[in-house]
Amino acid sequence: IAGDGVEEDTARAVEPEMKISIVRVKAQPRKHKVISYGYRKLVDGEVPEMYRFQYLPDPDLPEDLHPGVIPAGFSACVPVDQDMVYFHTREGDTGPEYQVVYTQPDPAGGDTPAHSMVLEWTNDVDAIWVEALQQLEDNAGLSEEALNFLDADPLWLFGIADPATQRALEKTAVVPMLRCMGQRPCLEEWFSYLNADEQGDAPFRWVVESFAEVELPEPWTSFKGVGSVVCYLNNETNETTWKHPFYDYFAQLLNHCRRSTNEEHIKLRINRVLWSYEAESQTDVQSQMPLVSPKYVKVLAEILDCELVTEPFMVRTLKTFLKAFSQMYHDGELDTQEVIYCLDIVKNERAKASVAKQLGIDPADLDEVGGQGQMYCVECLHTEANVAHLYCPECGDSLCLNCFEKLHAKGHRATHEPNHFILCVMCKVMPAKLQCTYTRGKYCSDCYHRKHAKTLPKFLDLKPLKIDYKRSAKLEREEKARKEGKQVESPLTIIDPEAKETFSKPAPLETTLGEKWHAFYDLRGVKYYYNFETQESMRRPQDDLVIQEEPEDTAAGAQRKEILMKLALSKEPRLMPQWAEGKEHDRSKGVMDDF
């Protein structure tokens with residue numbers, strides 16, 4: 001333990017003072033060209049001493065020293081005879097580091113340069129420049145005038161000690177700067193412009209891509225300015241700025257996405273897609289495709305994390321989502337709860353496809369008309385005033401009376417015979433799904449199980465009959481006639497004029513192209529097929545692509561029927577996992593906890 005007076009007697013080591021260098025100015029014209037301004041190195045909001053220097057903006061005023069900053073990532077060049085000498089800076093461990101590059105091409109036009117000089121990175125700017133001058137004088141064969149021009153302080157010669165460069169560096173601390181090292185800014189430069197990280201902000205890549213693709217509003221135009229910086233010019237006021245007119249909007253959108261939940265982030269993306277679709281429709285009506293098209297199905301699949309190549313069964317669901325989201329967008333803002341419903345539907349579709357794959361059947365065969373709840377018209381969408389009144393077995397859609405009459409007014413659809421929904425005898429609102437075997441009354445699922453079943457005799461084991469709206473009376477009559485040996489004439493030969501010899505052969509109404517081909521309609525209402533795996537589209541199915549139906553295995557069919565019957569009689573809840581009765585879903589753990 002030290003005694004008294006030891007602290008005063010102990011010689012303390014004094015930290016060496018960092019001397020700020022003074023850049024020498026040479027009385028000669030400036031010829032440098034800034035390629036990239038780089039950026040200012042900051043530590044705790046301040047520029048370190050090793051990045052500072054002083055220079056004379058005006059050689060005639062030797063006492064007027066101005067502070068300057070050496071930027072990292074700075075690149076510039078000066079002409080010497082017919083070539084260029086390049087000077088680069090970067091951020092080093094102990095301060096700024098420098099590099100000098102010079103290449104003299106072969107006078108004969110060969111690929112091998114006549115002289116090449118690449119000096120490695122070093123933190124001593126004076127030493128590297130002295131070495132560069134020595135090599136240029138000995139090997140490059142430069143003129144005396146060029147060597148005299150290069151004999152100057154490199155920080156002044158290449159424009160770092162230039163008031164214009166220093167003002168630009170000060171401006172970068174306040175105004176964002178979009179660098180453009182090529183003909184157009186790359187996506188990495190747009191990420192840097194928004195202060196975003198390509199890895200950390202990967203889920204929000206769509207924000208940066210939308211920013212890069214957005215068109216400038218009138219009267220703004222852009223050009224590549226000094227230092228490879230994109231400048232924006234207002235042609236009415238002649239104002240020039242580095243700040244994009246929509247910079248604040250996309251910067252706020254990116255920050256909002258970072259703070260949002262997954263469902264809110266998906267809602268933002270869907271809103272952006274619908275807004276972009278409307279904007280494109282107004283600017284280019286003729287070439288704009290319908291919303292329910294392969295382009296926007298791909299976009300929605302990316303948003304909802306669906307792989308269309310390996311999950312082709314999701315296409316039909318995504319097309320329904322596009323219709324529903326479009327209606328909600330026009331009626332008002334999208335609800336986050338609707339996004340949660342859609343995510344649950346996607347999970348259910350995948351589970352249904354997994355079960356169908358195990359049973360060896362089409363996932364569409366597991367669908368039931370309506371399930372539980374109200375039925376809505378597929379054309380009018382989920383609006384309160386447009387509930388469905390009937391189901392068309394041949395179209396496979398639930399429709400209201402107005403939409404059915406409009407769609408089935410002519411053509412082959414005019415021969416379709418719909419099944420009208422029967423209203424529940426108790427609530428008079430919901431379509432009846434069950435018929436009581438005791439009273440013969442028809443009820444919706446909710447009224448039967450919650451009210452009517454409690455009034456039935458308990459000693460009788462009564463089970464209701466399911467009302468099947470999918471049955472087609474017309475098809476059953478035709479099938480019965482075929483079994484009896486009677487000839488059934490297709491209505492297509494009577495109604496459709498394309499069936500005549502004077503017209504080309506029409507595409508079949510239902511094709512067996514396989515699950516990878518999906519039907520869409522263009523702006524004229526003409527049907528075409530698209531394959532998301534091969535990116536191919538065609539108007540009419542080719543004979544070599546049509547998959548012939550194999551004869552059904554009777555034993556396998558009986559087994560599937562037995563399994564489906566057991567699933568139908570199961571009393572397990574069929575609600576979405578989020579809303580299972582008496583359960584609360586913990587999304588973080590992925591388990592169901594009892595209340």
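The values are calculated or read from the model by the stated rules, or taken from the named source; none is laboratory data. These numbers were taken from a predicted model, which means no experiment stands behind them. Cβ sites come from the backbone with ideal geometry, for glycine too, and all protein chains shown count toward neighbours. The protein model used for the area step is the full one, side chains on, heavy atoms only, and it has no ligands, DNA or RNA in it. Shrake-Rupley method; radii C 1.70, N 1.55, O 1.52, S 1.80 Å.
Over the stretch 23-113, the Kirkwood radius and the radius of gyration, each from Cα atoms, give a ratio Rg/Rh of 1.07. With R₀ fixed at 35 Å, the C-beta to C-beta distance from SER537 to LYS410 puts the FRET efficiency at about 0.85.
For the peptides 431-440, 144-153, the ranking by mean Cβ contacts within 10 Å, running from highest to lowest, is 431-440, 144-153.
Using a probe of 1.4 angstrom, how much of the accessible area of the stretch 47-117 is carbon and sulfur, in percent?
Using a 1.4 Å probe with all protein chains present, the stretch 47-117 comes out at 47 percent carbon and sulfur.
On the principal axes of its alpha carbon atoms, the stretch 46-170 extends 50, 36, 24 Å, with the longest extent given first.
I'd like the projected area of the stretch 389-496, averaged over all directions, using the convex hull of its alpha carbons. Report it in nm² with one decimal.
Computed as one quarter of the Cα hull surface, the answer is 9.0 nm².
Once the Cβ-Cβ distance of LEU564 and ARG184 is raised to the sixth power relative to R0 = 60 Å, the FRET efficiency obtained is 0.60. Each residue, LEU65 and SER116, gets one label point 7 Å from its Cα in the Cβ direction; the gap between the two is 4.2 nm.
Spatial offset of the stretch 215-246 relative to the stretch 106-168 amounts to 33 Å, using the alpha carbon center of each. Measuring against 28 Å, Cα to Cα, the residue pairs LYS466/LYS486; LYS470/LYS561; LYS433/LYS458 contain LYS466/LYS486 as the ones spanning a longer distance.
For the pair the stretch 252-277 and the stretch 432-490, the centres of their Cα atoms are 46 angstrom apart. The length gained by stretching the chain between LYS171 and GLU417 to full extension, at 0.36 nm per residue less their Cα-Cα distance, is 81.3 nm. When every Cα-Cα distance of the stretch 212-259 is counted in 5 angstrom steps from zero, the calculated P(r) takes the values 5, 19, 26, 21, 16, 9, 5, 1 percent.
Once the Cβ-Cβ distance of ASP44 and ASP126 is raised to the sixth power relative to R0 = 25 Å, the FRET efficiency obtained is 0.30. Rounded if a/c is under 1.5, else prolate if a/b beats b/c, else oblate: with a ≥ b ≥ c from the C-alpha gyration tensor eigenvalues square-rooted, which is the stretch 107-238? Cα axes put the stretch 107-238 in the prolate bin.
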